[in-house]
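A quick write-up on the structure given underneath.
The values are calculated or read from the model by the stated rules, or taken from the named source; none is laboratory data. Bear in mind the structure is a predicted one, so any value in this text is a computation, not a measurement. Cβ placement follows ideal geometry from the backbone for every residue including glycine, while neighbour counts extend to all protein chains displayed. SASA here: full protein model, heavy atoms, side chains in, ligands and nucleic acids out. Shrake-Rupley method; radii C 1.70, N 1.55, O 1.52, S 1.80 Å.
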Amino acid sequence: MGRRVFWALLLAALPLLPWGAQKAPPPPETARVVFQGNASFSEAELLAAGGLPAPARSRLFSPKARISQSDVDLAVEEILLFYRRQGFFEVEVRRTAFGPEEAVLQVEEGPRVFTASVAVRLEEGGGGEAALLLAPLLGGLPLQEGAPFTADAYEASAALLRNGLAEEGYPFAEVTPDAVVDLGAHTASASFRVEPGRKGVFGEVVFEGLVHGEEGQLRKVLTFQRGEIFRLSKLGKSQEALYRTGLFESVILKPRKKGPEGEIPVVVQVKEGRHRTARVGLGYGTDEKVRWQASWETVRVGNRMVNAGVSLRNSSLERQAAFTVKRPYWPDRDTALAGEAGWAWLRLPAFEYRSIFARGGVERALSPRWKVGLSLAAERVFHFVPDEDFVLGGGGTGRRRGTLLSLPGKATFNHANDPYDPRRGFILAFTAEPTSGAGSSFVKTTAEGRLYLPVGEDRVLAARLKAGGILGGGPTGGIPPTRRFFAGGQSSLRGFRYGVLGPLAEEGKIQGGKGLLEFSTEFRFPLSPALTGVLFADAGNAAKKPFAAGGLTLYSDAGGGIRFKTPVGPVGLDLAFKLKRTPVDRSAYQLAFYVGYAF
C-alpha cells in the first residue's frame, strides 16, 4: 500500500518538476502603433506623448522595435493626459486592434475648450509700483482670451508673472492660479491672484559650505553687487559662473526673507568637488596616424583659484609637452591671466622642426559673446630639417633656426547656440601676430567666419570661410618656414594630407605662402536618433601674396561622413575624395576621424 501511494504522488508531481514545466508564452508584441481619428495632432506627436518609439527612418541603423501590449495600454493613459492638457477634456482613446504587425488606437477628440477670460488680481497692499510692473506682462501671457485653454499655457502664465516680478526686485512674489471650466460652453475662465511681497536690492552675500575656496575671488564671479536691484536672472547667471570654475559639485543661491529694510540677502550654498583631474586619450587619424595624449589639471593651488596643468601629446605629426597656468577673475570677473611653456616637435610634409616656447598674456570678455586676448610669446627653433621637396624659395635669406618674438592677439565673437554641435548662429574670429626674429619682421593675420543655418527639422547647413595674410617681411623667402601658410588637413581641406598645399617654387617643390584662402560647406542630417550624416565640399589653397584670390590655384575635395552622439559630443569620421590632385599628394582620398565636426 505504501508503494502505491509513493508512485501516485510521484506521478502527480512530475508536471511540477523543472523538466516537466512548460515555458510560459511570450507576452504579445506589435511592430508599430497607428492612430485613427486624430485631427489636431500628428501621429509623431502622439507617439512621443505616449512614450512610444517612432517608425525607424532606416532599418540599417535603427532595428525594428517591438512594442508590448502593456506598453501600448500605458501609452493610452499618457495620450489621454496629453489631450486633456491641450484642452480636450472629453477625449476618449482606446485600443481597437492589436496584432503582430500593427496596433490601432482609436481617438475621439471631442470639442476643445477655449479661454473665455484671463484676469490678474493684485492683492491689497501690493503697491502701485507692482501694478505698473504687471501691466506690460499681461499682454505677453501665454494664456490669452480666445486661445485654446492648455495646461502648459496656464502654468506658464503663472510662472511668467512670478518670474517677471522677481526680475524687478520682488523675489518673494506669490501667484495663485485658478480656473473654472464650463464643459457645456467649452470655455474656461482663468484668474491669477498676485501677492508681490516686499521689494528690495541685493544685500549681503554669505557663502556656506566653503572650505578651501578663495572667497574674495568667488565674489568676483558673481554677476551682481550689493545695492543693485534684485533680479532673478542674475542669480541664475551667477550659479552658472560658479559651476564653470570647476570647484564645486553643487551650487545653490537662495534669497533670504529676513534682512535689513529694502535689502535681500543672498546665501550661496556650495559643495566642493574634486579639484584635480587626470585624462588619457588614444585615437587614430589619417594625418596623425596613432595618437595619444595625457594630461593632469588642477583648478586650485592651495586655497587659491589657479588653473594649472601638464599635458603630453604624441602623433606622427606632433609631439608636445607643455605646462599651462591661468589665474581667472583677476583683477576682475571679466579678465584672466594665462601662460604656457613647453617643448614641441612638428613634422609637416615640407619640413620638421623642434622648438621650446613660452607665452603669457591676458584674456578679457568684453561681453558674453565678445572675447579678446593679447600675449607676449617667444619661440626658439633649435632644430630644422627640410624635406627634399621643400625649398626656402623666393631667393630670400630667411634663416632656418633662431629665436622669434611675437605679440599674438585674438578677438572672437561667438553667436552659435552650442560649442560642440552648433545648429544655428555664427562665429567670427580674427588674429594678428606681429613677429620679429630670424632676420625678418612681419605681421601674420587671419580672419575666419563660420555660419550655421537650420534647414527643416534636425538638419543644418554649415559654411566656413577663412583668409590669411602675412604683411611685411619681403618675399616668401624672408618669412621663417614655420610661420608660412600651408593648406590641407582635416581642419582645412579634408581630401589632402596635412600641409601639402601651397605655392610651389620654380623647382616645383613646396614653398609655402604669405596668403591663405579656404572655403568649406557642410550639410548635416539625421540618420537615426543617435547617428548624423554629413555631406561636405572644401576648396582653397595657400597663396603667394597676402589675401590674394586672383591667380590662386584652387584645390577641392568632396565627401561624406557620420557622427555618433556621445556624452562628450559627436564622434565619427569623414571620407573625402580629391577633385583635383597635387603632385605632392597623389592619393585619391583621405579618411579623417573627429570628436565634434570639422568646424
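Scanning the stretch 155-178 turns up no residue that is in contact (Cβ under 8 Å) with a residue 24 or more places away in the chain, more than 30 Å from G203 (Cα to Cα) and under 41 Å from the mean Cα position of the chain (by Cα).
Residue-by-condition table, conditions (1) modelled with pLDDT of 55 or more; (2) among the β-branched types (V, I, T):
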residue	(1), (2)
G20	no, no
P25	yes, no
T30	yes, yes
V34	yes, yes
A56	yes, no
A65	yes, no
L74	yes, no
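In the set S441, S436, S492, only one residue is part of a loop (DSSP other than H, G, I, E, B) and either open to solvent by 50 Å² or more (accessible area, probe 1.4 Å) or at pLDDT 85 or above (or both); that residue is S492. Taking the numbered list (1) charged (D, E, K, R); (2) open to solvent by less than 50 Å² (accessible area, probe 1.4 Å); (3) under 25 Å from P331 (Cα atoms) in turn, E228 passes all entries but (2).
What about T532, is it at pLDDT 90 or above and polar (S, T, N, Q)? Against the criterion (at pLDDT 90 or above and polar (S, T, N, Q)), T532 qualifies.
In the stretch 574-599, of all residues being in contact (Cβ under 8 Å) with a residue 40 or more places away in the chain and charged (D, E, K, R), the one that is nearest to F523 (Cα to Cα) corresponds to D574. I'd like the residue in the stretch 544-599 that is farther than 25 Å from G449 by Cα and of a type in the set (F, W, Y) and, out of all such residues, is nearest to the chain's Cα centre (by Cα). The extreme case among them is F564. Looking across the stretch 283-301, the residues that are open to solvent by 60 Å² or more (accessible area, probe 1.4 Å) and either acidic (D, E) or modelled with pLDDT under 75 (or both) come down to Y284, E297. At least 2 residues being at pLDDT below 95 and touching a helix residue (DSSP H, G or I) at 6+ places or on another chain (Cβ under 7 Å) is the threshold, and among the strands (runs of 3 or more DSSP E) wholly inside the stretch 332-400 those reaching it are 351-365.
Candidates in the stretch 513-539 are the residues that are aromatic (F, W, Y) and open to solvent by 50 Å² or more (accessible area, probe 1.4 Å); of these, the one that is farthest from the chain's Cα centre (by Cα) is F519.
Taken over the stretch 324-361, the criterion of being open to solvent by 50 Å² or more (accessible area, probe 1.4 Å) and within 20 Å of G216 (Cα to Cα) is satisfied by V325, K326, W330, P331, D332, R333, D334, L337. All conditions in (1) under 30 Å from L575 (Cβ atoms); (2) modelled with pLDDT under 85; (3) open to solvent by 70 Å² or more (accessible area, probe 1.4 Å) hold for E506, with the sole exception of (1). For the stretch 182-217, the set of residues classified as farther than 30 Å from K271 by Cβ, open to solvent by 60 Å² or more (accessible area, probe 1.4 Å) and not in a loop (DSSP other than H, G, I, E, B) consists of D182, R193, E195, listed by residue number. Could you tell me which residue of the stretch 467-501 is nearest to N417 (Cα to Cα), considering only residues that are of a type outside the set (S, T, N, Q) and free of Cβ contacts under 8 Å to residues at least 60 places away in the same chain? Selected residue: F485. Only one entry of K199, K220 meets the criterion of being within 15 Å of Y170 (Cα to Cα) and modelled with pLDDT under 95, and that entry is K199. Restricting attention to the stretch 567-582, the residues being in a loop (DSSP other than H, G, I, E, B) and either open to solvent by 50 Å² or more (accessible area, probe 1.4 Å) or of a type in the set (D, E) (or both) number 5.
A count restricted to the stretch 540-553 and to residues that are surrounded by fewer than 18 Cβ atoms within 10 Å (Cβ to Cβ) and either modelled with pLDDT of 90 or more or among the small types (G, A, S) (or both) stands at 4. Counting the residues of the stretch 405-428 that are more than 18 Å from the chain's Cα centre (by Cα) and part of a strand (DSSP E or B) gives 5. Across the stretch 453-489, the number of residues qualifying as open to solvent by 30 Å² or more (accessible area, probe 1.4 Å), of a type outside the set (G, A, S) and assigned to a loop (DSSP other than H, G, I, E, B) comes to 6.
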